[in-house]
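Working notes for the structure below.
Every number here is computed from the coordinates shown, using simple stated rules; none is lab data. Predicted model, so just to flag it, every value in this text is computed and none were measured. With ideal geometry, Cβ positions are generated from the backbone for all residues, glycine too; neighbour counts draw on all protein chains shown.
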Number of protein chains: 2
Amino acid sequence: MRDLLPEYDRLTATGEPVGRAVVTSVWGSAPRPEGSSMLATRDGVMAGSVSGGCVESATALEIAEAIGRGSPKLVTFGVSDEKAWEVGLACGGTIKVLVEPGVRPEVLAAARGDGGEVLATVTEGAGAGGSARVLADGAVEGALAGVPAERLRAAALDALRRERSATVTLETPAGAATVFLEVFPRQPRLVIFGGVHIAVALVPLAQLLGYRTIVADGRQAFLTRERFPEADELILAWPEEAFGQIGLDASCYICILSHDPKFDEPALRLALRSPAAYIGAIGSRKTQAARREWLRSEGFTEEEIARVHGPIGLELGGRQPAETALAILAEMTAVRYQGGSGTGEQRGGGAVPA
Amino acid sequence: MRDLLPEYDRLTATGEPVGRAVVTSVWGSAPRPEGSSMLATRDGVMAGSVSGGCVESATALEIAEAIGRGSPKLVTFGVSDEKAWEVGLACGGTIKVLVEPGVRPEVLAAARGDGGEVLATVTEGAGAGGSARVLADGAVEGALAGVPAERLRAAALDALRRERSATVTLETPAGAATVFLEVFPRQPRLVIFGGVHIAVALVPLAQLLGYRTIVADGRQAFLTRERFPEADELILAWPEEAFGQIGLDASCYICILSHDPKFDEPALRLALRSPAAYIGAIGSRKTQAARREWLRSEGFTEEEIARVHGPIGLELGGRQPAETALAILAEMTAVRYQGGSGTGEQRGGGAVPA
C-alpha cells in the first residue's frame, strides 16, 4: 500500500471516492504476493496491481461495486495454468482479494508511518470485519472478538519478521476466524560509510528499492550535497559518532566503502557489535583475508566475522560504479529475504515467481 | 567518461580549464577498471574516480600539473596489499593513468555520441601521442604510425565486443607501441513488452544503469505517461509493429512482461529471431514449461529456446515490484558480462573486485 500513496493522494484530490483491493491469500504461482494493493475509482481509473495484469480489469469493477454498495467483499480469482494459457491469462494460481469501498484510516496511517506494525482484519468467520493493530514491540491496540491477544501477537510478529503479509486462521470460542495480517515493515535503512564513487551510484538505486539512505564519511570532500543530491542524510563524522547518531539496529544495511582502514576498521568493529541486518565491506579478496585476520586479532569469533560480506556484492560481472552498486543491492536483497542462508546455487538459477 | 559529461559541462561552464585522468592499465585487484576517468581543475575541484578513493588526491595534483604544463603524462600508482593496509590504502594493485591537460575533442564527441566506437591512443613507445578511431562496423579513421589498420581494427573490435577498455602492445617497424583502447560501447537498450507494474519499477532502475528504455504494449491503459514518466520511448502497438520500429539488434535486452499470450507469444517469436543480447519472459515455472512446449511446436530448437530466461530474473527472494525489477536487472547484467554462461554457482558467491 505504501507505494501507492502518491497515487492515492492524486486520485482523492479530485474528490472522487477511491476504493482498494488487497491480496489476502495466494495459492500456486500467483504473480503478486499477499498485501499487493490496487486502487480504483468508480470511473475505472486505477493504480497498483493485484495480479500483474491478469485480473486488474475485473478487480476494478469489483472496487466500483464496493464503492456503490459501501461495504467490503472477499473475492476469489482462480485460474489454472493450462486454462490460463487458453483464455489469455498467464497467471497460474488462485488469489483472494479483499475489496473495500475506501482505504481505511488505520491503513492510511500505517502506510504513511515509519512502519514496524501489522494490521489484523478478520475477513471470514467469527467476528468478520473486526480489526486490531500490533506494533513491533508487541503492543496490541484493539482486539479481535474471541482471539487471545497473545495468539494474535505471535502471528503478527512472525509475519512482521518475515516482512510478508499473510492470512492465518485463529480459533475463537465462536469458531475459526480467518485473519488477514497486513504487514507494514519498518523502512530499511542503507548506512554507507565512505562517500566514494560507488556510494554515489548506490544511493539513488537503493531509494528506488525503498531504503532510507544515510551516507557518512570523515572526509568533507567525499560528502558534498553535489555528490549526493538525493541522500536522506549526510553525516560528516568518524564512525563512532556517525553510527551513534544513526542508532544501528536490525533495520540497518551497512556498507563500508571508505577504502581507508582508519575509517573502515572502527566502522566494521561497530557494525559487528550491532544487530544490523547486513554488513558488507569493500576490498579485494586479499584485502578481505587481511581484514579477517585483523578481526580475529580483535577477538571476534568466526561466526561474527562470517557476518561480513566481502568482497561486497553478488558477482554479476559488471565493473562500472552503477553495476557494482546493483551487485551490492542484489546481495542485500538476497540476505534480507533468505536470512543470509541462500547459497549462490540456490539463488542463481533465475526464478522470480511472477 | 560518459558518466562524467554532466560534471564536465558544469565544471567547464565556469571557464576554468578541466583536465582528465583515465585508467589505461590495471594489475592485481585495482578498484576501478581501465577506462575509469576523473576530471579536475587547477583548484582541485574533482569529479569521477580512478581508484575509488585511494589515489584521487594525488591524481588531482597530477591533473593540475598537466594543465599548467599543457602536455599529457603517464603516471603509475602502485600499492601492494600489505603495504596498502599499513599506509592507509585498501586498494591492492597497480594502475597506470594517462593524465591529460584537457578532454580531447574526439573523446568528448565519442562520449556524447551513440557509442559503438573505440579511440586508440599511443601512450608509450613508437608514435606516442598518436590516435585513431575505430567504429563498430570496422571502419578506421586516422592511423597510428606504423601500425597496420587490420591489426588495430582487430584489437579495437575485440575490446568493443567485451565492452572493456584495455591497453595492448602493437608492433611497428619502429618498435613496440603501447596503445590504450578506450571503448565507448553502444548504449544498451531495454525493450519491455507489457507496461505492467514490474515494468514501471524496471524503467527508472535500468536508466540508472545506463540503459535507453523503451516500453511497448498493445493496451493503451498500461502505457500512459503517468505510469512511465521517465521512459525514453513508449510505443502503443502489437509486437510486430513495435519491434519493427525499434529494430531489434545485439544492443537490445528484451523483457516480455505482458502476462497475455496474445502479446507474449508473437513477442517471444520475434525476439528469438533477433540477435538480442538478452531475452527474459515473465511467468511461473509451470507457465515456462508450457511456453517451451509451445516454442517447440513452433519449430524452435532447444538451443534457441534456451535463450529465453524464464522465470525471469535472479532468485533474490524479494517480491515487491522494485525487487523483481532488481532481480531482472541483475540477471541482465550477469548475462551481459559473462556471455550468458555464468551459472548461479559461479556468480552467486559475492565478489565485486572493488
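Listed by Cβ neighbour count within 10 Å, with the fewest neighbours leading, A:Glu304, B:Glu226, A:Glu323 appear as B:Glu226, A:Glu304, A:Glu323. Partner shielding of A:263-274 amounts to 1, given as the average count of beta-carbon atoms from other chains within 10 Å of each residue beta-carbon. Legend: calculated FRET efficiency, A:Arg269 to B:Thr12, from the Cβ-Cβ distance at R0 = 45 Å, rounded to 0.05, equals 0.55.
Tell me, A:Thr123, A:Thr333, B:Thr301 in order of fewest to most beta-carbon neighbours within 10 Å?
B:Thr301, A:Thr123, A:Thr333
Among the trypsin sites (Lys or Arg not before Pro) in the range B:154-213, those located in a DSSP loop and surrounded by at most 16 other Cβ atoms within 10 Å of their own Cβ are B:Arg162, B:Arg164. Shortest first, B:Gly28 label-point distances to identical copies amount to 5.8 nm, with the label point at 7 Å from Cα along Cα→Cβ. With θ taken as phi - 60° and the Karplus curve 6.51 cos²θ - 1.76 cosθ + 1.60 applied, the whole-hertz 3J(HN,Hα) list for the range B:150-159 is 5, 5, 4, 4, 4, 5, 5, 5, 5, 5 Hz, x standing for glycine and proline. For the peptide A:303-316, the mean number of other protein chain Cβ atoms found within 10 angstrom of a residue's Cβ is 4. Straight-line reach from A:Lys73: taking Cα to Cα under 12 Å and skipping same-chain neighbours fewer than 8 places apart, the aspartates and glutamates in range are A:Glu62, A:Glu65, A:Glu100, A:Glu124. A straight Cα-to-Cα reach below 18 Å connects B:Lys262 with the aspartates and glutamates A:Glu56, A:Asp81, A:Glu82, A:Glu86, B:Asp217, B:Glu240, B:Glu241, B:Glu293, B:Glu298, residues fewer than 8 places away in its own chain not being considered. Each of A:Ala136, A:Met38, A:Val335 was scored by the projection of its Cα onto the charge dipole of chain A, and the greatest displacement toward the positive side belongs to A:Val335; charges sit on the C-beta of Lys, Arg, Asp and Glu. For chain A, modelled as a GNM whose springs connect Cα atoms under 10 angstrom apart, the maximal fluctuation among A:Ser71, A:Ser297, A:Ser165 occurs at A:Ser297. Each of B:Leu272, A:Leu135 was scored by other Cβ atoms within 10 Å of its Cβ. Listed from fewest to most, they are A:Leu135, B:Leu272. Each Cα pair under 8 Å and six or more residues apart adds its separation to the average, and for chain A the resulting relative contact order is 11 percent. Between copies, the label points of B:Thr12, set 7 Å from Cα on the Cα→Cβ line, lie 5.0 nm apart, reported in increasing order to one decimal in nanometres.
Principal axis extents of the C-alpha atoms in the protein assembly as shown (largest first, rounded to whole Å): 94, 62, 46.
With semi-axes defined as the square roots of five times the eigenvalues of the C-alpha gyration tensor, the equivalent ellipsoid of chain B measures 41, 22, 21 Å, largest first. A Gaussian network model of chain B, with springs between Cα atoms under 10 Å, assigns the largest mean-square fluctuation among B:Asp158, B:Asp137, B:Asp249 to B:Asp137.
For chain A, what is the mean residue ellipticity at 222 nm derived from helices alone (per DSSP H run of n ≥ 4: -39500 (n - 2.57); sum divided by total residues; nearest 500 deg cm²/dmol)?
Computed ellipticity for chain A at 222 nm equals -10000 deg cm²/dmol.
For A:Pro229, the label point sits 7 Å beyond Cα toward Cβ; its separations from the matching points on the remaining copies run 1.4 nm, from shortest to longest.
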